[in-house]
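This report concerns only the one structure given below.
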Amino acid sequence: MIPDVRSEIWLVRHGQSESNANLATVSPHSTRLTETGWRQASRFARLIDVQPDLIIVSPYVRSVQSARPLCERYPQTPVEEWPVQEFTYLSPAAYQGTTAAQRRPQIDAYWRKSDPKFHHPGAESFSVFLSRVTEVIERLKQLKGFVMIISHGHTIRLLWQLLSSGVALSPEKQMQAYYHLRQSVVISNFAVLKLRFVSETDVWMTGFSDGLGMKKYPE
């Protein structure tokens with residue numbers, strides 16, 4: 001840890017999933033890693049030469065699987081489940097045996113609607129997603145030490161947006177801003193966004209880096 005830094009938090013996107021590989025899936029919760037995703041997870045774990053003080057995973061299977069090699073390398077590190085799961089805005093029924101490409105028309109229709117309160121049955125509205133990530137940020141401010149969070153693209157992207165903007169927007173404006181960010185910022189599997197909290201209100205952020213191409217940590 002750098003002196004005077006309260007916490008260093010790495011937000012890491014999970015490894016390649018079945019959905020990322022355009023394979024048919026059953027549900028967003030149960031989507032698993034591909035063989036490539038498992039190899040990515042193993043490589044990432046080998047590159048982390050400092051034991052994390054805490055590992056955080058989402059409830060989704062691909063997050064837990066992505067963290068497994070790191071947990072096995074550092075078995076004494078506590079693991080916690082936080083609500084850092086992916087933003088799932090389509091009804092679970094839409095995932096039954098479909099690929100990401102087959103869901104594309106429904107995805108595009110959702111974003112064209114641009115209504116933060118709208119939600120499909122059994123899915124999350126953007127307003128609820130926004131509240132969930134805002135609450136996660138408040139929890140992040142309380143952490144200390146080196147923390148690794150294995151999360152998902154939408155969640156990491158919105159967290160980055162909220163921390164970097166410093167401006168309170170209405171849910172409608174926030175959704176519009178997020179849509180443009182979603183269109184312009186691609187987060188690859190095992191990309192890393194590093195946060196350094198000096199205090200609860202003073203945070204430094206990097207850009208997104210390739211967690212599989214980095215030197216061992218720390219450099």
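The values are calculated or read from the model by the stated rules, or taken from the named source; none is laboratory data. As the structure is a prediction and not an experimental result, all values here were calculated from the model. Quick reminder, even Gly has a Cβ in these numbers, built from the backbone with ideal geometry, and neighbours come from all protein chains shown.
In table form, for the structure just shown:
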read-out	value
Any hit, region 101-110, residues being of a type outside the set (Lys, Arg) and within 21 Å of ALA41 (Cβ to Cβ)	no
Condition met for GLU80 (at negative phi and free of Cβ contacts under 8 Å to residues at least 40 places away in the same chain)	yes
Extreme residue, surrounded by the fewest Cβ atoms within 10 Å (Cβ to Cβ), among residues of region 109-122 that are over 18 Å from PRO171 (Cα atoms) and over 21 Å from the mean Cα position of the chain (by Cα)	PRO121
Residue within region 151-158 that is assigned to a strand (DSSP E or B), modelled with pLDDT of 95 or more and closer than 26 Å to GLN40 by Cα present	yes
Among the candidates PRO59, PRO3, residue that is modelled with pLDDT of 95 or more, within 28 Å of LYS141 (Cβ to Cβ) and surrounded by fewer than 16 Cβ atoms within 10 Å (Cβ to Cβ)	PRO59
Some residue of region 178-186 being part of a helix (DSSP H, G or I), modelled with pLDDT under 95 and polar (S, T, N, Q)	yes
Options SER131, SER125, SER151; residue that is among the hydroxyl-bearing types (Ser, Thr, Tyr) and surrounded by fewer than 18 Cβ atoms within 10 Å (Cβ to Cβ)	SER131
Yes/no for ASP210 being of a type in the set (Asp, Glu) and closer than 21 Å to GLY15 by Cα	yes
Hits in region 56-102 (condition: in contact with a Phe, Trp or Tyr (Cβ under 8 Å, 6 or more places away or on another chain) and among the β-branched types (Val, Ile, Thr))	ILE56, VAL57
Residue match in region 16-27 (condition: within 17 Å of the chain's Cα centre (by Cα), of a type in the set (Val, Ile, Thr) and under 25 Å from LEU158 (Cα atoms))	no
SER164 being part of a helix (DSSP H, G or I), surrounded by fewer than 14 Cβ atoms within 10 Å (Cβ to Cβ) and not charged (D, E, K, R)	yes
